[in-house]
Structures are given as C-alpha cells and as structure tokens.
Amino acid sequence: MGSGDQKTVRNFHPNLPRHLQQHHQGKKQEMRDVPKGCLAIKVGQGEEQQRFVVPVMYFNHPLFMQLLKEAEEEYGFDQKGTITIPCHVEEFRNVQGMIDREKSLHHRHI
C-alpha cells in the first residue's frame, strides 16, 4: 500500500454506504459555518422550514426549553440530525428576540 492509499483509507467510512459518506462530508462542510458555542437548528414545518444558528445558552432558557418540549412531543427523542423546532418561523423569531433582549439587559446589570 502506498502513502496515497493510506490517505484514501483514512477518509473512508466503512460502515456508511457511499451515498451517505458523501452526505456525511457535506454535513462537515455545513458545520464549519457554525461558530463555537452555537448550534444549528431547523425551525418550521414542511416548505416553511428555515435554518438558524443559535447560542448554546438558549438551551437553558425557559422559553427555548418550551420549544424543545414541543419538538419532543411532535418528533420524540429519536430525531436524527439537526434538531427541528415545529413552530412558525415568526414565532421563533419572537422568542429569539425576547431571549436576546433579556440577555442584553442581564449583561448591562453586571
């Protein structure tokens, strides 16, 4: 085996079919645009679905936890891939605005 063969072996995922390997590599590319301390989520249902990148601290906020509870009720705990929040995009933007305003008020008082 030459050195070029070893590189191919290192990038090969033996447990994934070829079409999923390509999908997996695409996911790595997509993850690169998510800053440290943030997570990509999907919001909405069907055609309306949009991708958002949110700070991890959202996951501890009561408003966001309520959205996660709705996601659990809709999809269960076995969601594969990106977390999907099943509310309307506008509703999510309102919640996001409330969390961000609360966060900025908190920082001014410290």
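The values are calculated or read from the model by the stated rules, or taken from the named source; none is laboratory data. Treat the numbers as computed from the prediction; the structure is a model and nothing was measured. All Cβ positions, glycine included, derive from the backbone under ideal geometry; neighbour counts span all protein chains shown. What goes into the accessible areas is simple: the full protein's heavy atoms, side chains included, and nothing from ligands, DNA or RNA. Shrake-Rupley method; radii C 1.70, N 1.55, O 1.52, S 1.80 Å.
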Checklist entry - Just for the stretch 32-59: of the residues that are under 12 Å from the mean Cα position of the chain (by Cα) and of a type in the set (Gly, Ala, Ser), which one is surrounded by the fewest Cβ atoms within 10 Å (Cβ to Cβ)? => result Gly37
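Any residue at all in the stretch 7-26 that is at pLDDT 70 or above, touching a Phe, Trp or Tyr at 6+ places or on another chain (Cβ under 8 Å), surrounded by 13 or more Cβ atoms within 10 Å (Cβ to Cβ) and not aliphatic (A, V, I, L, M)? Write out each step before concluding.
From the stretch 7-26, those at pLDDT 70 or above are none; that's our starting set.
The answer is no; no qualifying residue exists.
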Item to check | Candidate set from the stretch 44-66 (those that are of a type in the set (A, V, I, L, M) and not in a helix (DSSP H, G or I)); member that is nearest to Met98 (Cα to Cα) | outcome: Val54
Checklist entry - Does any residue in the stretch 82-101 that is closer than 14 Å to Arg51 by Cα and without any contact (Cβ under 8 Å) to a residue 12 or more places away in the chain come within less than 7 Å, Cβ to Cβ, of a residue that is acidic (Asp, Glu) and in a loop (DSSP other than H, G, I, E, B) six or more places away or on a different chain, and which pairs are these? => result none
Next on the checklist: Take Lys103 and tell me if it is under 14 Å from Phe59 (Cβ atoms) and either at pLDDT below 90 or polar (S, T, N, Q) (or both).
Outcome noted: yes
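Collect the residues in the stretch 60-78 that are without any contact (Cβ under 8 Å) to a residue 24 or more places away in the chain, farther than 18 Å from Gly46 by Cβ and open to solvent by less than 40 Å² (accessible area, probe 1.4 Å), keeping them in residue-number order. Outline the logic, then answer.
Here is the first cut: in the stretch 60-78, the ones without any contact (Cβ under 8 Å) to a residue 24 or more places away in the chain are 60, 62, 65-66, 68-78.
Now restrict to residues that are farther than 18 Å from Gly46 by Cβ: 60, 62, 65-66, 68-69, 72, 76-78.
Gly76 - this is the single residue of the stretch 60-78 that is without any contact (Cβ under 8 Å) to a residue 24 or more places away in the chain, farther than 18 Å from Gly46 by Cβ and open to solvent by less than 40 Å² (accessible area, probe 1.4 Å).
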